[in-house]
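Working notes, beginning with the structure itself.
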Amino acid sequence: MSFSGIYPITDDAFMHRPDHEDILSEVAGAGIAMLQFRAKHGDRDEARSQVARLIAVCRRHEVPLIINDDVELCAQCGADGVHLGRTDPDIAGARAALGAGAIIGATCHDSLELARSAQVQGADYVAFGRFFPSVSKPHAPSARLETLQAARKSLDLPITAIGGIDRDNAAQALAAGADLLAVIHAIFGASDPGAAARELVRMHAEYAG
């Protein structure tokens, strides 16, 4: 697979919309690189049910599904990988649980040291952010675009930018060195999420091309 492109992340509010499956199918068909399921509330049975439906959507469109934080849920549901924060299980433990073929990403905030450690431990990609004011995570620690530039020069794995990214600032993150743009509100908070995803995919392809 290609670790380059648009990387939408669902949130709890969106997953409780009655039309979320239809919207996710449209977003998954927009040419995105990966999709992440991020559920901070709700019970385990609900999460398993949501992931099972998401996997079906992603398989139809050949889009990898990544689970935020939860290695056990990823293993139970057969998702393609997991994204780990600083307080989650370590990368080696996730790899042992999920296998060599799993996609494992790591949150690094604004720290090259964390990113280098994640690379040594075998992460498949790292994520820096937040870079811009964020509707979804307004209190997340801020990060500098200069960190992306430094990461581009010193790391040998794909780099994700997250935090307030939309069509107005996506080019800044790409110019600084991001391969993947992780997006929540600019897609799932849009009046037409499918159209928003297609526009961001077009912008990324135009920049990369």
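The values are calculated or read from the model by the stated rules, or taken from the named source; none is laboratory data. Quick caveat, the model's predicted, so the values are computed rather than measured. In this analysis, Cβ positions are derived from the backbone assuming ideal geometry, glycine residues included, and neighbour counts consider all displayed protein chains. Side chains included, ligands, DNA and RNA excluded: accessible areas come from the protein's heavy atoms. Shrake-Rupley method; radii C 1.70, N 1.55, O 1.52, S 1.80 Å.
For Ala123, work out the one condition from (1) in contact with a Gly (Cβ under 8 Å, 6 or more places away or on another chain); (2) among the hydrophobic types (A, V, I, L, M, F, W, C); (3) surrounded by fewer than 16 Cβ atoms within 10 Å (Cβ to Cβ); (4) under 28 Å from Glu146 (Cα atoms) it doesn't fulfil.
Going through the list (1) in contact with a Gly (Cβ under 8 Å, 6 or more places away or on another chain); (2) among the hydrophobic types (A, V, I, L, M, F, W, C); (3) surrounded by fewer than 16 Cβ atoms within 10 Å (Cβ to Cβ); (4) under 28 Å from Glu146 (Cα atoms), Ala123 breaks only (3).
Does Ala100 satisfy the condition of being on the phi < 0 side of the Ramachandran plot and either touching a residue at least 12 places away in the same chain (Cβ under 8 Å) or crowded, with 22+ Cβ neighbours inside 10 Å (or both)?
No.
Give me the helices (runs of 4 or more DSSP H) completely within the range 68-163, filtered to those with at least 3 residues that are among the charged types (D, E, K, R) and more than 28 Å from Arg53 (Cβ to Cβ), ordered by residue number.
Per the criteria, 145-154.
What number of residues within the range 183-209 are crowded, with 20+ Cβ neighbours inside 10 Å, touching a helix residue (DSSP H, G or I) at 6+ places or on another chain (Cβ under 8 Å) and not in a helix (DSSP H, G or I)?
Counting residues in the range 183-209 that are crowded, with 20+ Cβ neighbours inside 10 Å, touching a helix residue (DSSP H, G or I) at 6+ places or on another chain (Cβ under 8 Å) and not in a helix (DSSP H, G or I) gives 1.
Hey, can you tell me all the residues within the range 167-182 that are open to solvent by 50 Å² or more (accessible area, probe 1.4 Å) and touching a helix residue (DSSP H, G or I) at 6+ places or on another chain (Cβ under 7 Å)?
Arg167, Ala171, Gln172
Being more than 24 Å from Phe14 (Cβ to Cβ) and in contact with a Pro (Cβ under 8 Å, 6 or more places away or on another chain), is that true of even one residue in the range 178-187?
yes
Sort out which residues of the range 134-150 are more than 19 Å from Arg167 (Cα to Cα) and open to solvent by 40 Å² or more (accessible area, probe 1.4 Å), and write them in order of number.
Once the filter is applied, which keeps residues that are more than 19 Å from Arg167 (Cα to Cα) and open to solvent by 40 Å² or more (accessible area, probe 1.4 Å), the range 134-150 yields His139, Pro141, Ser142, Glu146, Gln149.
Collect the residues in the range 71-83 that are open to solvent by less than 40 Å² (accessible area, probe 1.4 Å) and touching a residue at least 24 places away in the same chain (Cβ under 8 Å), keeping them in residue-number order.
Across the range 71-83, the qualifying residues are Val71, Leu73, Cys74, Cys77, Ala79, Gly81, His83.
Answer yes or no: is there a residue in the range 30-37 that is open to solvent by 50 Å² or more (accessible area, probe 1.4 Å), under 20 Å from Met203 (Cβ atoms), of a type in the set (Gly, Ala, Ser) and assigned to a loop (DSSP other than H, G, I, E, B).
For the range 30-37, residues open to solvent by 50 Å² or more (accessible area, probe 1.4 Å), under 20 Å from Met203 (Cβ atoms), of a type in the set (Gly, Ala, Ser) and assigned to a loop (DSSP other than H, G, I, E, B): present.
Give the residue that is most open to solvent (accessible area, probe 1.4 Å), with candidates limited to residues of the range 40-68 that are over 24 Å from Val201 (Cα atoms) and in contact (Cβ under 8 Å) with a residue 24 or more places away in the chain.
His41
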